[in-house]
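Novice: Let me begin by handing over the structure; questions about it come next.
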There are 2 protein chains.
Amino acid sequence: MLFDQITIIGVGLIGGSVGLAAKARGVAGRVIGVDRDPATIETAVRLGALDAGGTDLAAGVAGAGLVVVCTPVDHVAGVVVAAAAHVQPGTLITDAGSTKARIVAEVRGKLPPRVEFVPAHPVAGSEKSGPEHGRADLFLNRATAVVMSPFGADWERTVRVGRFWEALGSHVVLMNAEEHDRTLAFTSHMPHAVAAAVAGVTHSDWLRITGGGFRDVTRIAAGDPQLWAAIFEANRSATLAALDAFSARLAEFRTLLAAGDGAGLVRWLTEGKQVRDALGT
Amino acid sequence: MLFDQITIIGVGLIGGSVGLAAKARGVAGRVIGVDRDPATIETAVRLGALDAGGTDLAAGVAGAGLVVVCTPVDHVAGVVVAAAAHVQPGTLITDAGSTKARIVAEVRGKLPPRVEFVPAHPVAGSEKSGPEHGRADLFLNRATAVVMSPFGADWERTVRVGRFWEALGSHVVLMNAEEHDRTLAFTSHMPHAVAAAVAGVTHSDWLRITGGGFRDVTRIAAGDPQLWAAIFEANRSATLAALDAFSARLAEFRTLLAAGDGAGLVRWLTEGKQVRDALGT
């Protein structure tokens, strides 16, 4: 057991999965949840993701050794600061937000002494939302980016938070916030926009004649538009840069196809295949 | 049993799966294969996808009631015409090519009397290739586009070929060749180029920090570059049009993001989500 009590703030798909994984793996003695919706807490307790919970932030975090903020990305910084005012000295705070630099900037200078925030991002999710879609194995074999000491934190605290995400089944990758956001713009945010654009130009009449490829490419387009709009806004400049790199790459393809350059198309497709093959299935 | 003998020409992933499905479902008394590579025939016979086979086209098609051409798309028309010279009168020929209009144009006027070609496209596949990746259920619940009488064929022949693809587990969608190619440009060919472009701008260092979304979006980028270059070339103008529609749609996203238009982003993402939700999981 790493902590006597953890408190999860925001019990959606990610928060619910943190609870299920923490309980399944014996990571915490007690798992407490805080959510603005009492029905969500009820559902999560019934599904075994939480031992108990409520809507009162101060009460929920009072006994926690670790607070895990799993709200939509645009609320993370505010919730971290609010929670920090109510925790015991020595409490650690981490989060699961999909972007990091803006959160780090917004939290900077606003934490009381002896409360440390170690930002994190478990790269796991689903196009579904809500604790009812949570899974104890959501983080299994996934990467969790842990942001290195943005506040000059004691590195032992970083290790402790990293061990927590590791105990949920993920492997830890240490990054700084800017590096994280630049990378995720390419590996998550731009691909999401691309998937949504493919879906967005598809007439519903045509869906009857789609195969597995279309299903795969567009799957994440079913994600929650509010959550994703907030992610894009929080990582605007890196996402714009990734979109421009993508568009330039696709323009190369268009030029080769328009010119009837078969050998060029094979070469271009092979470059993409090599990257995808390196990832495995 | 629909046919005493079918002959599959080109025993790769698709041809091998046609054989496995035909045998598993009792669609044909005998399944014969023709491939330029004797080792491929050996593998397919060993895996139970074929009863027998060889490299000689004339011998392979001699006793067939139905010939199923499963070669790469740029070889389909030539193989259909070559096979037609060696079949018995009354033999049906179909294919599994991913584009249709060019094949129809290339075959037109080149078939002997009493041999009919009913073009088809089972919208099923995989990023893998070779008969060893074939599956008896590859076509299960997938669409097969069957091209309506491009040669003024007796419609009973169209029905008979449709029943064959149906007997392999797919559901038939009747289309004309141009409608097929315009639609597949949006639902298959453009998405393939997009997936390959996402993979192509991703540094291999970044793969450690990818999740399920990236895996899904880029999966088809692992497909065979030669096969796909041929598909793009065979459907050039419709693919270029689909790429332009996609790029215009993605440009809308870029404009909204650059302007910080959160409500606009939510609306744009919701339009894509509605299409994807209509498709189901």
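Novice: Regarding residue A:223, is this residue in contact with a Lys or Arg (Cβ under 8 Å, 6 or more places away or on another chain), within 11 Å of chain B (Cβ to nearest Cβ) and under 30 Å from residue A:92 (Cβ atoms)?
Specialist: Numbers: in contact with a Lys or Arg (Cβ under 8 Å, 6 or more places away or on another chain): yes; within 11 Å of chain B (Cβ to nearest Cβ): yes; under 30 Å from residue A:92 (Cβ atoms): yes.
The answer is yes for residue A:223.
Novice: Here's a follow-up. When the residues of the stretch A:76-104 are filtered to those that are surrounded by fewer than 16 Cβ atoms within 10 Å (Cβ to Cβ) and in contact with a Pro (Cβ under 9 Å, 6 or more places away or on another chain), which remaining residue is nearest to residue A:192 (Cα to Cα)? Give the derivation first.
Specialist: From the stretch A:76-104, those surrounded by fewer than 16 Cβ atoms within 10 Å (Cβ to Cβ) are A:78, A:85, A:88-90; that's our starting set.
Filter once more, keeping what is in contact with a Pro (Cβ under 9 Å, 6 or more places away or on another chain): A:85, A:89.
Values: A:85: 36, A:89: 40 Å.
The extreme case among them is A:85.
Novice: Still on this structure, I have one more. Output the number of residues of the stretch B:65-109 satisfying the condition of being small (Gly, Ala, Ser) and closer than 16 Å to residue B:165 by Cα. Even if it seems obvious, please write down each step before you answer.
Specialist: First pass over the stretch B:65-109, keeping only residues small (Gly, Ala, Ser): B:65, B:77-78, B:82-85, B:90, B:96-98, B:101, B:105, B:109.
Among the residues that remain, those that are also closer than 16 Å to residue B:165 by Cα are: B:65, B:96-98.
Residues flagged as small (Gly, Ala, Ser) and closer than 16 Å to residue B:165 by Cα within the stretch B:65-109 amount to 4.
Novice: Scan B:253, B:232, B:214 and give me the residue that is aromatic (Phe, Trp, Tyr), touching a helix residue (DSSP H, G or I) at 6+ places or on another chain (Cβ under 8 Å) and within 23 Å of residue B:98 (Cβ to Cβ).
Specialist: B:232
Novice: Every residue in the stretch B:148-174 that is in a loop (DSSP other than H, G, I, E, B) and more than 24 Å from residue B:188 (Cα to Cα), please. Walk me through how you get there before you give the answer.
Specialist: Of all residues in the stretch B:148-174, those in a loop (DSSP other than H, G, I, E, B) come to B:148-154, B:168-170.
Once the filter is applied, which keeps residues that are in a loop (DSSP other than H, G, I, E, B) and more than 24 Å from residue B:188 (Cα to Cα), the stretch B:148-174 yields B:151, B:152, B:153, B:154.
Novice: Among B:161, B:173, which is the only one that is β-branched (Val, Ile, Thr) and within 30 Å of residue B:250 (Cβ to Cβ)?
Specialist: On the way: B:161 fails: within 30 Å of residue B:250 (Cβ to Cβ).
None of the others qualify; the one that does is B:173.
Novice: When residues of the stretch B:31-58 are filtered for being of a type outside the set (A, V, I, L, M, F, W, C), outside any loop (DSSP other than H, G, I, E, B) and under 28 Å from residue B:184 (Cβ atoms), how many remain? Spell out the reasoning first.
Specialist: Pass one, the stretch B:31-58, residues of a type outside the set (A, V, I, L, M, F, W, C): B:33, B:35-38, B:40, B:42-43, B:46, B:48, B:51, B:53-56.
Filter again for outside any loop (DSSP other than H, G, I, E, B), leaving B:33, B:38, B:40, B:42-43, B:46, B:53-54.
Still in the list and also under 28 Å from residue B:184 (Cβ atoms): B:33, B:40.
Residues flagged as of a type outside the set (A, V, I, L, M, F, W, C), outside any loop (DSSP other than H, G, I, E, B) and under 28 Å from residue B:184 (Cβ atoms) within the stretch B:31-58 amount to 2.
Novice: Would you point out the residue of the stretch B:189-210, among those that are more than 7 Å from chain A (Cβ to nearest Cβ) and over 18 Å from the mean Cα position of the chain (by Cα), that is modelled with the highest pLDDT?
Specialist: My answer is B:203.
Novice: Would you say residue B:179 is acidic (Asp, Glu) and in contact (Cβ under 8 Å) with a residue 24 or more places away in the chain?
Specialist: On the way: acidic (Asp, Glu): yes; in contact (Cβ under 8 Å) with a residue 24 or more places away in the chain: no.
So residue B:179 does not fit the description; no.
Novice: What helices (runs of 4 or more DSSP H) completely inside the stretch A:192-262 contain at least 3 residues that are free of Cβ contacts under 8 Å to residues at least 24 places away in the same chain, surrounded by 17 or more Cβ atoms within 10 Å (Cβ to Cβ) and not hydroxyl-bearing (Ser, Thr, Tyr)? Quick ask: steps written out before the conclusion?
Specialist: On the way: elements: A:212-218, A:225-234, A:236-258.
Per the criteria, A:212-218, A:236-258.
Novice: Let me ask another. Give the number of residues within the stretch B:4-27 that are more than 16 Å from the chain's Cα centre (by Cα) and on the phi < 0 side of the Ramachandran plot.
Specialist: Taking the stretch B:4-27 as the starting set, the residues that turn out to be more than 16 Å from the chain's Cα centre (by Cα) are B:4-7, B:20, B:22-27.
Next, only the ones that are on the phi < 0 side of the Ramachandran plot stay: B:4-7, B:20, B:22-25, B:27.
Within the stretch B:4-27, residues that are more than 16 Å from the chain's Cα centre (by Cα) and on the phi < 0 side of the Ramachandran plot number 10.
Novice: Further question: Given the conditions (1) touching a helix residue (DSSP H, G or I) at 6+ places or on another chain (Cβ under 9 Å); (2) on the phi > 0 side of the Ramachandran plot; (3) of a type in the set (Gly, Ala, Ser), report the number of the one that residue B:83 does not fulfil.
Specialist: Checking residue B:83 against (1) touching a helix residue (DSSP H, G or I) at 6+ places or on another chain (Cβ under 9 Å); (2) on the phi > 0 side of the Ramachandran plot; (3) of a type in the set (Gly, Ala, Ser), the one that fails is (2).
Novice: Being modelled with pLDDT under 95 and not polar (S, T, N, Q) is true for just one of A:154, A:74, A:137. Which residue is that?
Specialist: Values: A:74 fails: modelled with pLDDT under 95; A:137 fails: modelled with pLDDT under 95.
Sole residue among the options that is modelled with pLDDT under 95 and not polar (S, T, N, Q): A:154.
The values are calculated or read from the model by the stated rules, or taken from the named source; none is laboratory data. Just so it is clear, the model here is predicted, and its values are computed rather than measured. Reconstructed Cβ throughout: ideal geometry from the backbone, glycine too, with neighbour counts over all protein chains shown.
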